[in-house]
Amino acid sequence: MIDLDPRHDRIAAPLGEALGSVATIFEGQIRSEYPAVADLCTHVARYRGKMLRPTLTLLSGVAARGGDVTVLESHDLQRLAAVVEMIHMATLVHDDVLDEADDRRGGSTVNSLRGNETAVMLGDYLISNAFHLAASIGDADLTERLGRVTNTLCEGELVQLHHRDDLGLDFQTYLEIIRRKTAVLVGACGRLGGRVAGGEEATCEALGEFGERLGIAFQVVDDILDLEGDLETVGKTVGLDLRKGKLTLPMILLLDGSDASVFVDAVESFRSGDSTGLLKMLRESDAIDRARAFAVEQVEAAIVSINGFDLGDSQDLLRDLAAAVVERNH
Ligand code: FPP
Ligand code: MG
């Protein structure tokens, strides 16, 4: 769970309780009478880390109601929080197949333990359960919106695959890829969390923009950690973007701002998969700092997008949540 300042206990304490209920709903939904399936579900429950998406969903519900914590008892809001986490889990299980990753959240990935067929099917089981659970909320428009989110997510991954090994990938296309594959789901947590809690349209939109900008910042930090983090701290296989021919923001900035000789060396290192050489070049340039500065700008813009709305003291928690996204090292 994300550490929330104890000064905000009026909201943080019931939020912690609601997150406990979300975990119970999650586990109940994917429970299977077959031990083979149940074992996999137990394994995937370990993937639950910071619970960023359910936390934002619940907190957006409180915010949309001007800081009223009683909405945290809403079964529909809790179910929505479980749905977004389940969608996220499904994408991670599939993503690890695509990336051929061995480690996630300090443990082995499903594909490395059980192979790709099992991981693909487990991802399918999770996405299917997510929509089964979403349908039980009984709001067809909500389910339709969630469907649009998962369509967008898949498009983001497909566009990313299309640009594999593309050294000409520009900033705008990179931004569109990460918006689709990551930010749109985080935006939905804000927008739909507010909506299920009965918030006004304009407030829900602002919370949606807050989440989307947070999602962009989150993915940029994730891409930086993939380049300069280590397995022990980050808890998942690093260096995969380069190995999989994915150009991310630090590389785009390095190639864009470098003189001809650095450009040629960087391209050569990228093509040959020389991550040590590339990291040295990135460190000698200001590309990683500029990428991090872009993530900070997104967080600041996220905070601005919810200014002027009556969110009560939940505004402070949303600010803490935003800061945690860029301050993290895992
Ligand atoms: C992480 O990227 C990946 C995503 C945010 C999206 C993955 C989506 C899919 C694989 C599509 C499958 C969709 C459904 C609906 C099941 P990353 O590899 O940069 O992050 P990582 O460092 O956490 O691996
Ligand atoms: Mg990955």
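Yes/no matrix, rows are residues, columns are (1) more than 10 Å from ligand 1 (Cβ to nearest atom); (2) assigned to a helix (DSSP H, G or I):
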position: Asn111; (1), (2): yes, yes
position: Thr118; (1), (2): yes, yes
position: Gly123; (1), (2): no, yes
position: Asn129; (1), (2): yes, yes
position: Leu133; (1), (2): yes, yes
position: Ile137; (1), (2): yes, no
position: Asp141; (1), (2): yes, yes
position: Glu144; (1), (2): yes, yes
position: Arg148; (1), (2): yes, yes
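Please state which one of Ile252, Ile224, Ile216 is more than 29 Å from Gly107 (Cα to Cα), at pLDDT 95 or above and surrounded by 18 or more Cβ atoms within 10 Å (Cβ to Cβ). Reasoning before the result, please.
On the way: Ile224 fails: more than 29 Å from Gly107 (Cα to Cα); Ile216 fails: more than 29 Å from Gly107 (Cα to Cα).
Every option except Ile252 fails the conditions.
Which of the residues spanning segment 84-101 are in a helix (DSSP H, G or I) and more than 7 Å from ligand 1 (Cβ to nearest atom)?
At the first step, the residues of segment 84-101 found to be in a helix (DSSP H, G or I) are 84-99.
Once the filter is applied, which keeps residues that are in a helix (DSSP H, G or I) and more than 7 Å from ligand 1 (Cβ to nearest atom), segment 84-101 yields Val84, Glu85, Met86, His88, Met89, Val93, Val97.
Name the residue that is nearest to ligand 2 (Cβ to nearest atom), counting only residues in segment 210-236 that are of a type outside the set (A, V, I, L, M, F, W, C), over 16 Å from Leu279 (Cα atoms) and out of contact with any His (no Cβ under 9 Å at 6 or more places or on another chain). It would help to see each step written out before you state the result.
Here is the first cut: in segment 210-236, the residues of a type outside the set (A, V, I, L, M, F, W, C) are 211-213, 215, 219, 222-223, 226, 228-230, 232-233, 235-236.
Pick out the ones that are also over 16 Å from Leu279 (Cα atoms) and you get 211-213, 215, 219, 232-233, 235-236.
From what's left, out of contact with any His (no Cβ under 9 Å at 6 or more places or on another chain): 211-213, 215, 219, 232.
Numbers: Gly211: 21, Glu212: 20, Arg213: 22, Gly215: 15, Gln219: 11, Glu232: 18 Å.
Per the criteria, the residue is Gln219.
Name every residue in segment 1-20 that is in a helix (DSSP H, G or I) and either touching a strand residue (DSSP E or B) at 6+ places or on another chain (Cβ under 9 Å) or buried (at least 18 other Cβ atoms within 10 Å of the Cβ) (or both), in order of residue number. Before the answer, list the steps.
First, the residues of segment 1-20 that are in a helix (DSSP H, G or I): 6-20.
Ile11, Ala12, Leu15, Ala18, Leu19 - these are the residues of segment 1-20 that are in a helix (DSSP H, G or I) and either touching a strand residue (DSSP E or B) at 6+ places or on another chain (Cβ under 9 Å) or buried (at least 18 other Cβ atoms within 10 Å of the Cβ) (or both).
Checking the conditions here, which among Glu205, Glu201, Glu155, Glu209 is surrounded by fewer than 16 Cβ atoms within 10 Å (Cβ to Cβ), farther than 18 Å from Asp96 by Cα and among the charged types (D, E, K, R)? Steps first, please.
Values: Glu205 fails: surrounded by fewer than 16 Cβ atoms within 10 Å (Cβ to Cβ); Glu155 fails: farther than 18 Å from Asp96 by Cα; Glu209 fails: surrounded by fewer than 16 Cβ atoms within 10 Å (Cβ to Cβ).
None of the others qualify; the one that does is Glu201.
Condition first: out of contact with any helix residue (DSSP H, G or I) (no Cβ under 9 Å at 6 or more places or on another chain), aliphatic (A, V, I, L, M) and farther than 30 Å from Glu232 by Cβ. Can you find one or more residues in segment 128-149 that meet it?
yes
The values are calculated or read from the model by the stated rules, or taken from the named source; none is laboratory data. As the structure is a computational prediction, the values presented were derived from the model and not from experiment. Reconstructed Cβ throughout: ideal geometry from the backbone, glycine too, with neighbour counts over all protein chains shown.
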